Amino acid sequence: MKTVHHWIGGRTVEGASGNFGPVTDPATGEVTTQVALASVAEVDAAVQTAKTAFETWGQASLAARTKVLFAYRALLDANRDAIAELITAEHGKVHSDALGEVARGLEIVELACGITTQLKGELSTSVSTRVDVAAIRQPLGVVAGITPFNFPAMVPMWMFPLAVACGNTFILKPSEKDPSAANKLAELAKEAGLPDGVLNVVHGDKVAVDALLHHPDVAAVSFVGSTPIARYIHTTAAANGKRVQALGGAKNHMLVLPDADLDAAADAAVSAAYGSAGERCMAISAVVAVGAVGDALVEKIRERAEKIKIGPGNDPDSEMGPLITKAHRDKVASYVHGAADQGADVVLDGTGYTVEGFENGHWIGLSLLDNVKTDSDAYRDEIFGPVLCVLRADTYEEGVALINASPFGNGTAIFTRDGGAARRFQMEVEAGMVGVNVPIPVPVGYHSFGGWKDSLFGDHHVYGNDGIHFYTRGKVVTTRWPDPSEPHAGVDLGFPRNH
């Protein structure tokens, strides 16, 4: 059986704890790989390696850093298929979706390639007589990223390229459910010329996570995952004096007004709700139909959902793959099973779906629930699977109030032909990312990604300008060089004057 070990100091380091976790092929249900789970001592060894590497990498020129990043970008581009195949084998998403994940990660690598302009400081000359003030940004040191199973390549690439471009060294703790992509990213970074110890991958469970959160030499922690864990990460890391950005869960709403193009809205709802089997923090999981549009919209969604082909991710004909684990599949199914008892109309029930020849895979079909109540489990919880809830609202105002009452505020969208309504929505809705006739408004790399309320803990969003600010800290330098002809001024006990 294949074993995934740690990557520390530019080489594979075999796990020494004696603990391993299973990695399953979601399409077959078979355990194909085991992953080493790090002890506290192993995490400390990785941190010490990164700390040593920071002594030189933190002082490396911007030209040296960007040279590596440009080479890294080229290697990632050349290895898109290989990375996507690892994602499909361990996560289960279809190959085209895995390729899309790699492409979105590459956007942040490209942003990091241009770090020279992003790290330019500010200078004010002659703020007083022969006094200049400069503002500069410097790296933090050793930083860590804890990433989720649903995007095993993209989310790590949202973090470490910017972190190392800014001069930090990085410890990546990926999900133990699909660990191989992370090692591949690290191996390619070494091939691109990244010095040993700058990027390290430590696999593990809560033991490894807590070791990073409590380690005195880890200056900052980035996290993407569920809201309860994000809250824990934020509280624990902050209590240990660390800078934290912790992105949590979501319940993303799509508001459909009566004037919307219903065919476009239905296409968008199906793509955004069921793509990647709903295992996206930006998935649309709740459609709010306004006025009399609901019945027609639900029928159009049903017609499209019934045609989606579900199968193994490496089958070119498959449009949706399995869920990551059997336990998660069963949990998702439980929401559909209980929906009718809580007042919903079950338009589509995908819980009994299987794929011929792959009966032991973690399969589930597409489910569509109509007339869902806001106090039902299917609405309140982040299901993280291919289940779409449709709620009804009589007016625009009622629909926005419904959305804003949610404790989550990650992403949202409105479908309408009315520019005034769209502008009003983007100003009034309480969410960090808003789409206008765009169902999954994930920002491009040079804008930052992040939500509001229980979808984000910490002050900085991921990547973009927020990411650069998160991985650096500001310093202001005030300089005075007396003119050679200036007479000695003597002692002045007053506060320095700026005029």
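Brief remarks on what is shown
- Residue within segment 46-57 that is touching a helix residue (DSSP H, G or I) at 6+ places or on another chain (Cβ under 6 Å) and among the basic types (Lys, Arg) present: no
- Selected residue (only one of Val290, Val298 is farther than 12 Å from Leu388 by Cβ, modelled with pLDDT of 95 or more, over 26 Å from the mean Cα position of the chain (by Cα) and crowded, with 23+ Cβ neighbours inside 10 Å): Val290
- Against the conditions (1) of a type in the set (S, T, N, Q); (2) at negative phi; (3) open to solvent by 70 Å² or more (accessible area, probe 1.4 Å), Thr479 satisfies every one except (3).
- Qualifying residues in segment 30-65 (those that are of a type in the set (Asp, Glu), assigned to a helix (DSSP H, G or I) and farther than 11 Å from Asp217 by Cα) - the one most open to solvent (accessible area, probe 1.4 Å): Glu55
- Meets criteria (open to solvent by 10 Å² or more (accessible area, probe 1.4 Å), of a type outside the set (Val, Ile, Thr) and under 30 Å from Lys173 (Cβ atoms)) for Arg280: yes
- Evaluated against (1) under 30 Å from Ala277 (Cα atoms); (2) of a type in the set (Gly, Ala, Ser); (3) touching a strand residue (DSSP E or B) at 6+ places or on another chain (Cβ under 9 Å); (4) open to solvent by 40 Å² or more (accessible area, probe 1.4 Å), Ala78 falls short on exactly one condition, (3).
- Ala220 part of a helix (DSSP H, G or I) and buried (at least 22 other Cβ atoms within 10 Å of the Cβ): no
- Picking from residues in segment 66-110 that are not in a helix (DSSP H, G or I) and not hydrophobic (A, V, I, L, M, F, W, C), the one that is nearest to Met159 (Cα to Cα) is Asn79.
- Screening Ile83, Ile108 for residues that are touching a Pro at 6+ places or on another chain (Cβ under 8 Å), at pLDDT 95 or above and either open to solvent by less than 60 Å² (accessible area, probe 1.4 Å) or under 22 Å from Leu162 (Cβ atoms) (or both) leaves exactly one candidate, Ile108.
- Considering residues of segment 246-267 that are open to solvent by 10 Å² or more (accessible area, probe 1.4 Å) and assigned to a helix (DSSP H, G or I) only, the residue nearest to Glu101 (Cα to Cα): Asp267
- Among the residues making up segment 458-499, those that are assigned to a loop (DSSP other than H, G, I, E, B) and in contact with a strand residue (DSSP E or B) (Cβ under 9 Å, 6 or more places away or on another chain) are Gly458, Asp459, His460, His461, Tyr463, Tyr471, Trp481, Pro496, Arg497, Asn498, His499.
- Summed over segment 176-193, the residues that are buried (at least 24 other Cβ atoms within 10 Å of the Cβ) and either in a loop (DSSP other than H, G, I, E, B) or in contact with a Pro (Cβ under 7 Å, 6 or more places away or on another chain) (or both) give a count of 5.
- Considering segment 443-457, and only residues there that are of a type in the set (Phe, Trp, Tyr) and part of a strand (DSSP E or B), the residue that is least open to solvent (accessible area, probe 1.4 Å) turns out to be Phe449.
- Residue within segment 49-68 that is of a type in the set (Val, Ile, Thr), in contact with a strand residue (DSSP E or B) (Cβ under 6 Å, 6 or more places away or on another chain) and touching a residue at least 24 places away in the same chain (Cβ under 8 Å) present: yes
- Of residues in segment 200-217 being open to solvent by 10 Å² or more (accessible area, probe 1.4 Å) and not in a helix (DSSP H, G or I), the one nearest to Val102 (Cα to Cα): Asp205
The values are calculated or read from the model by the stated rules, or taken from the named source; none is laboratory data. Quantities reported herein were computed from a predicted structural model and do not represent experimental measurements. Note that we place each Cβ from the backbone using ideal geometry, even for glycine, and neighbour counts take in every protein chain shown. Surface accessibility is based on the protein's heavy atoms, side chains included, excluding ligands, DNA and RNA. Shrake-Rupley method; radii C 1.70, N 1.55, O 1.52, S 1.80 Å.
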